[in-house]
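Note sheet for the following structure.
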Ligand SMILES: Cc1cc2nc3c(=O)[nH]c(=O)nc-3n(C[C@H](O)[C@H](O)[C@H](O)COP(=O)(O)OP(=O)(O)OC[C@H]3O[C@@H](n4cnc5c(N)ncnc54)[C@H](O)[C@@H]3O)c2cc1C
């Protein structure tokens, strides 16, 4: 129903081969290297090796529809690739297709000045540096960004940025050189024109990583989730991305195609969990029969297969709508997938854990980390309820 182009199919085959030959085996090596490293915020050598290999094979910046910057694929073609990458938590970065860099690259490509492009966009496209985005704050309900308190005040030839952000994904990574910070710059303006998005180099005086945060005990190393203090940080005048007071525009642009990418990644992860569940249920004998021959397990498998396919079709429809009708007319689909897909992924991965018994909870299986990722996706980039209420508004 949703046709992939010949080029999309050819890239799928090559990406799948790369995953099979390099990525699954690397998961354990990278985890072991991180476990033995002196600091969790050290980049395992194998990550950079595999990045170079993927780039040499042309499997690089595949998410970018603009041929000046990336592969020039339509959203639907890329959706299939994002599913393949999403099967492994380490994979998207190896192809320079991982959040938050992908969203930041899109924002810079759309809104940056020539100088900002040279300084930030090119090194990000090359995978030489990483970046983060800081919107949420510990002291206010951040699902409503009009609550955010961090200030950006005009001073001679520049601004002073002051405040505290948290859950800044990727900011613990030693390669993270840039944070896009959403800050209150025009408090007297109408509510959606009060904030600016500002480009802050991580080595600026007054930018301090206060601590790293964990999701169910997972620290997300080597990238992490940081609480970041911006203590009277001076930044030059040309650091605003897009127009002053237009942070909402920049943030919205970041999130449109990104929702399809994130949802297809999660579908890939849930598909892998489903395949593991099927294998375990076939191989393991309980009470005299393989698990697959017990009715309750059959229901878990059958439901998972249905729910995965429903979510996949819905997300393909969202990608096709983005391609054919543009972001404004895709808003309904984008809200639907952001609600439906993380919930589906949680349910399917949870069933897979159950069928694996204790193994599914342990470090010997990818399932526990996969569940943490899927569960976090029901809150990160806005909790389910925010997207349900936007969807309800679009429908009424
Ligand atoms: C793993 C992870 C990574 C993240 N990465 C980033 C990042 O890189 N950059 C960044 O800025 N932020 C990041 N975040 C933060 C994330 O965007 C916020 O946590 C999210 O927007 C919700 O804000 P909050 O936690 O303050 O929840 P609150 O705003 O306090 O909301 C709490 C709860 O209230 C309920 N609620 C909210 N709105 C409604 C409504 N309209 N109707 C009914 N109920 C509602 C929901 O149940 C919601 O979960 C990340 C979070 C996680 C978990």
Exercise. When you look at residue 225, is it under 25 Å from residue 374 (Cβ atoms), without any contact (Cβ under 8 Å) to a residue 60 or more places away in the chain and within 16 Å of the ligand (Cβ to nearest atom), yes or no?
Worked result: yes
For this session: Mind telling me which of the residues 55, 117, 68 ends up being away from the ligand (no atom under 16 Å from the Cβ) and in a loop (DSSP other than H, G, I, E, B)?
Result: 68
Problem set entry | Selected residue (criterion: farthest from the ligand (Cβ to nearest atom)) from residues of the range 120-143 that are closer than 14 Å to residue 181 by Cα and in a loop (DSSP other than H, G, I, E, B) | 137
Exercise. Is it fair to say residue 50 is more than 19 Å from the chain's Cα centre (by Cα), crowded, with 18+ Cβ neighbours inside 10 Å and touching a residue at least 40 places away in the same chain (Cβ under 8 Å)?
Worked result: yes
Exercise. Farther than 17 Å from residue 104 by Cβ, near the ligand (Cβ under 9 Å from one of its atoms), surrounded by 14 or more Cβ atoms within 10 Å (Cβ to Cβ) and not assigned by TED's automatic domain parsing to the domain that holds residue 120, is that true of residue 169?
Worked result: no
For this session: Given the conditions (1) assigned to a helix (DSSP H, G or I); (2) buried (at least 20 other Cβ atoms within 10 Å of the Cβ); (3) modelled with pLDDT under 95, report the number of the one that residue 110 does not fulfil.
Result: (2)
Problem set entry | Of the criteria (1) surrounded by 19 or more Cβ atoms within 10 Å (Cβ to Cβ); (2) in a helix (DSSP H, G or I); (3) without any contact (Cβ under 8 Å) to a residue 24 or more places away in the chain, which one residue 98 fails | (2)
For this session: Kindly establish whether residue 319 is out of contact with any strand residue (DSSP E or B) (no Cβ under 9 Å at 6 or more places or on another chain), surrounded by 15 or more Cβ atoms within 10 Å (Cβ to Cβ) and under 13 Å from residue 266 (Cα atoms).
Result: no
Exercise. Counting residues that are within 16 Å of the ligand (Cβ to nearest atom), in contact (Cβ under 8 Å) with a residue 12 or more places away in the chain and farther than 27 Å from residue 166 by Cβ, which helices (runs of 4 or more DSSP H) fully inside the range 302-396 reach at least 1?
Worked result: 384-395
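The values are calculated or read from the model by the stated rules, or taken from the named source; none is laboratory data. Every value quoted in this text rests on a predicted model; they were computed, and no experiment measured them. Positions of Cβ are generated from backbone atoms using ideal geometry, with glycine treated the same way; all protein chains shown enter the neighbour counts.
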